[in-house]
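Report on the following structure.
What follows is calculated from the coordinates using simple rules that are stated; it is not laboratory data. Predicted, not measured: the structure shown is a model, and the values here were computed from it. Quick reminder, even Gly has a Cβ in these numbers, built from the backbone with ideal geometry, and neighbours come from all protein chains shown.
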Amino acid sequence: MLTSLRIQWTILKTCLEERLVYRADFIFGTFVRFLPIVTQIFLWGAIYSANNPNRRMNGYTYRDMVAYYLLVMVSRAFSSMPGLSEGIANDIRDGTIKKYLTQPIDMLGYLFWYRVAHKLVYYVMATVPFAIVFWLCRSYFSGWPDGWTIAAWVASLLLSFLVGFLLEALIGLIGFWFLEVSSLVFIYMMINFFLSGHMIPLDWLPPAISQPVQYLPFKYLAYFPAAIMLHRYSHSQLALELLIELGWVIALFAANRFAFARGVRRYGAFGG
């Protein structure tokens, strides 16, 4: 047990040191990520019309929409895993995965701590820009939520990180059966962008689509954390939704372990 913890701590520390080498890249990337929200503010301002800022569309005012996209930006900072699926599939295809099979290091565990290190460095670099943007846009929020809502929001963000990681890792593990997964990744990203609530709130979808979407894990990547802070859920609903999200984490974890075990059994060690 102590040996395992020591290995995981070493992996996390090494990954942190590696990510800190690219501080300027993180800072530049952080500022660039804030540019789309400016476009969203102007876009929704035109849709709602500045002459009627209190108009409601599908239960959202103009201020609600701006607040929603700011909160979605925070959610996506936790749940997005760029390059994870392709990286796993490439390691399988070119034989790099052998280093995980011949050494006492679990591949999924290593990639998990690598992503944790990546996110920690990103959050440190992005704290000040996030604080400035939210302070400038404070008038778009209806007030400070209660303690339970904030706790649920933080829990949803942490769980969204796990859901996002496990979904992308599972797609990458398909590389054990298919040499090329880029098309699957593209399809996944399109579905994710739409069904996670990144493009529009899931409340805006017609019932025939929005109701089945409520049972999928995608909404926990963007919509659910944002909706919490917009008071779209009661306290009892929050508890239930968090339990469902935790259930998805457990199910996806089991699916990843199953796919990895089966994939390794059929793996032919190609590459150098």
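Derived scalar couplings between HN and Hα for the stretch 204-219 equal 7, 6, x, x, 4, 9, 5, 5, x, 4, 4, 9, 9, x, 5, 5 Hz in order, rounded to whole Hz, by the Karplus curve 6.51 cos²θ - 1.76 cosθ + 1.60 (θ = phi - 60°), x for Gly and Pro. Radius of gyration over Kirkwood radius for the stretch 204-272, both on Cα atoms: the Rg/Rh ratio is 1.19.
Considering every alpha-carbon pair of the stretch 68-127, the percent of pairs per 5 Å bin, from zero through the bin containing the longest distance, is 4, 15, 21, 21, 15, 12, 7, 4, 2, 0.
Counted by neighbouring Cβ atoms within 10 Å, the residues GLU168, GLU241 run from fewest to most as GLU241, GLU168. Extending 7 Å from Cα along the Cβ direction at ASP94 and again at SER142 yields two label points whose distance is 5.1 nm.
D by Stokes-Einstein for the stretch 141-265, Kirkwood Rh over Cα pairs, 20 °C, 1.002 mPa s: 137 µm²/s. Spacing of the modelled spin labels on VAL213 and TRP135, each 7 Å from Cα toward Cβ, amounts to 3.5 nm.
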